[in-house]
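Everything below concerns the one structure shown next.
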Amino acid sequence: MKPFAYTRAENPQAAIQAVIQPNAKFLAGGTNLIDLMKDNVEQPSRLVDINKLAFTRITENEGGLRLGSLAKNSDTANHRLVRERYPLVSQAILAGASAQLRNAATNGGNLMQRTRCYYFYDVAMPCNKRQPGSGCGALEGFSRIHAIFGASLQCIATHPSDLCVALAALDAVVRVEGPQGARTIPFADFHRLPGDTPQIDTNLRTGELITAIDLPAAAAVFAPNSYYLKVRDRQSYAFALVSVAAALDIRNGTIQQARVALGGVAHKPWRAGGAEQVLNGQRVDQALFQRAADAAMQGATGTEHNRFKIELGKRAIVRALTVAANGRTA
Ligand SMILES: Cc1cc2nc3c(=O)[nH]c(=O)nc-3n(C[C@H](O)[C@H](O)[C@H](O)COP(=O)(O)OP(=O)(O)OC[C@H]3O[C@@H](n4cnc5c(N)ncnc54)[C@H](O)[C@@H]3O)c2cc1C
Ligand code: SF4
């Protein structure tokens, strides 16, 4: 690991001032960043430790909930109000990593975690995300875990977070503070597609610190009928091949409003708007769920190694919608 300077920030302004120095990075739980540093994938010259900042709480906010960016993933998943009002968030977090990792990992860090593309971690291989202009090892290589939506000729990586798929489905809002002040970012606009600049994962500006994630009051309507389904190569300690966050607002057998988001399929959590359109206003029915799954997968393109995700995705969507429609699971 390359030598680096270490600063512990006492307040948000100090953190922001420290991180705008060249090649500085925030340090939260360290469960992703320190691994990347040990593998020389990331080589920050300064770490700004934000663990003393007061963003650890989960509080009520205008009928919804505000998740502190430094609240631990485990505390968030097990919080009574999160479980009651947004069980999709609890389920998604608990589907990820391990208990030990979730005890250390923070909500802000989870949003900012980097892809698990094998070639990104292997510094002997070309990777436009790690080293812009070097090429993409995955395009010519083994691409089982890679994207079937929104990829570019520069990068076909996927975003690895489970939590983010639930946040995308629930239209969460990310609160940030930076050198130019505070602002909010709708979750759909937080992560980016790779395009020609795959080295940039999010729309955060230089020096911006995530302070909280807001779960809107309106999304609590999905609590009785939501489900997070994660399909992976082994049952624990593995990232999603495909995951589905399904949330339905059902009244008298009719779906008033549906939300479907997918993980493991794109450079960002992928909202399946086509599926939602098929579901909205219709009566709960297996054939309807199949049509929604077909609509969700329209436009998907796979490589010889990951084409299986298209059929797998359809089946996962049907199952997630079926479980969600059947009622509360957490
Ligand atoms: C073996 C293993 C298995 C895993 N499995 C899963 C899984 O199945 N599903 C899943 O979703 N995740 C999984 N993870 C990833 C894990 O959830 C993330 O590593 C964790 O959420 C990152 O949080 P952290 O606080 O440790 O972030 P850190 O490692 O401290 O930071 C990660 C990045 O976020 C930035 N950052 C942190 N906080 C802020 C902030 N407040 N504002 C701006 N930038 C910030 C840092 O600068 C850094 O770039 C796994 C990790 C490991 C090691
Ligand atoms: S898919 Fe993206 S992260 Fe993976 S090797 Fe290609 S450029 Fe790098």
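The values are calculated or read from the model by the stated rules, or taken from the named source; none is laboratory data. Bear in mind that the values here come from a model prediction, so they are computed numbers and not experimental data. All Cβ positions, even for glycine, are placed from backbone atoms using ideal geometry, and neighbour counts span all protein chains on display. Surface accessibility is based on the protein's heavy atoms, side chains included, excluding ligands, DNA and RNA. Shrake-Rupley method; radii C 1.70, N 1.55, O 1.52, S 1.80 Å.
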D (µm²/s, integer) via Stokes-Einstein for the range 154-210, Kirkwood Rh across alpha-carbon pairs, 20 °C, 1.002 mPa s: value 173 µm²/s
Could you go through the range 247-254 in sequence order and give the Karplus-derived ³J(HN,Hα) for each residue, using 6.51 cos²θ - 1.76 cosθ + 1.60 with θ = phi - 60°, rounded to whole Hz, and x for Gly and Pro? 9, 10, 9, 10, 10, 6, x, 10
Calculate the length of the line joining the C-alpha centroid of the range 40-60 to that of the range 264-330, in whole Å. 35 Å
Pull up the DSSP beta bridges for the chain and report the antiparallel fraction as a percent, rounded to 5. 85 percent
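With +1 on the Cβ of every Lys and Arg and -1 on the Cβ of every Asp and Glu, and nothing else charged, how large is the dipole of the chain about its Cα centre, in debye rounded to the nearest 20? Could you put the intermediate results ahead of the total?
On the way: 37 positive and 26 negative charges, 93 e Å.
For this selection, approximately 440 debye.
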Under-5 Å amide H pairs with LEU27, H placed in peptide plane, nonlocal only: VAL48, ASP49, ILE50
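Evaluate the charge dipole of the range 188-316 about its Cα centre and quote only its size in Debye, nearest 20, assuming +1 on the Cβ of each Lys and Arg and -1 on the Cβ of each Asp and Glu.
On the way: 15 positive and 12 negative charges, 66 e Å.
Magnitude of the dipole: close to 320 debye.
Sorted from largest to smallest, which semi-axis lengths in Å does the alpha carbon gyration tensor of the range 119-177 give for its equivalent ellipsoid, taking the root of 5 times each eigenvalue?
Values: eigenvalues 141, 39, 21 Å².
Values for the range 119-177, descending: 27, 14, 10 Å.
Protein chains only, probe 1.4 Å: how do THR59, THR202 rank by accessible area, largest first? Intermediate results must be reported in sequence, preceding the final value.
Details: THR59 40, THR202 15 Å².
Result of the area sort, largest leading: THR59, THR202.
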Heavy atoms only, probe 1.4 Å: what % of the accessible area of the range 76-220 goes to carbon and sulfur, would you let me know? 53 percent
How far is it, in nm, from the label point at ALA54 to the one at GLN199 when both lie 7 Å from their Cα along the line to the Cβ? 3.8 nm
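How much of the pair distance distribution for the range 25-165 lies past 20 Å, counting alpha-carbon pairs only, in percent? Provide the component values of the computation, followed by the final result.
On the way: 5309 of 9870 pairs.
Of the Cα pairs, 54 percent sit more than 20 Å apart.
What does the charge dipole of the range 81-215 about its Cα centre add up to, to the nearest 20 debye, if the Cβ of each Lys and Arg holds +1 and the Cβ of each Asp and Glu holds -1? Don't skip to the end; give the middle numbers.
On the way: 12 positive and 11 negative charges, 39 e Å.
That gives the range 81-215 a dipole magnitude of about 180 debye.
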Of all DSSP beta bridges having both residues in the range 1-150, the percent classed as antiparallel (nearest 5) is 45 percent
How much mean residue ellipticity at 222 nm does the chain get from its helices, if each DSSP H run of length 4 or more adds -39500 (n - 2.57) and you divide by all residues, to the nearest 500 deg cm²/dmol? -7500 deg cm²/dmol
Over the Cα atoms of the chain, how large are the radius of gyration and the largest Cα-Cα distance (Dmax), in Å? 19.4, 62
Once phi is turned into ³J(HN,Hα) by the Karplus curve 6.51 cos²θ - 1.76 cosθ + 1.60 with θ = phi - 60°, what whole-Hz value does each residue of the range 259-274 show in order, with x for glycine and proline? 10, 9, 10, 10, x, x, 10, 8, 5, 9, x, 10, 7, 8, x, x
So, by mean Cβ neighbours within 10 angstrom, what's the order for 243-254, 294-305 with the highest one leading? 243-254, 294-305
In Å², rounded to a whole number, the accessible area per residue of the chain with probe 1.4 Å is 43 Å²
Using only the heavy atoms of the protein chains and a 1.4 Å probe, how would TYR118, TYR6 rank by accessible area, largest first? TYR6, TYR118
In the range 203-293, how does Rg compare with the Kirkwood Rh, expressed as the Rg/Rh ratio over alpha carbon atoms? 1.04
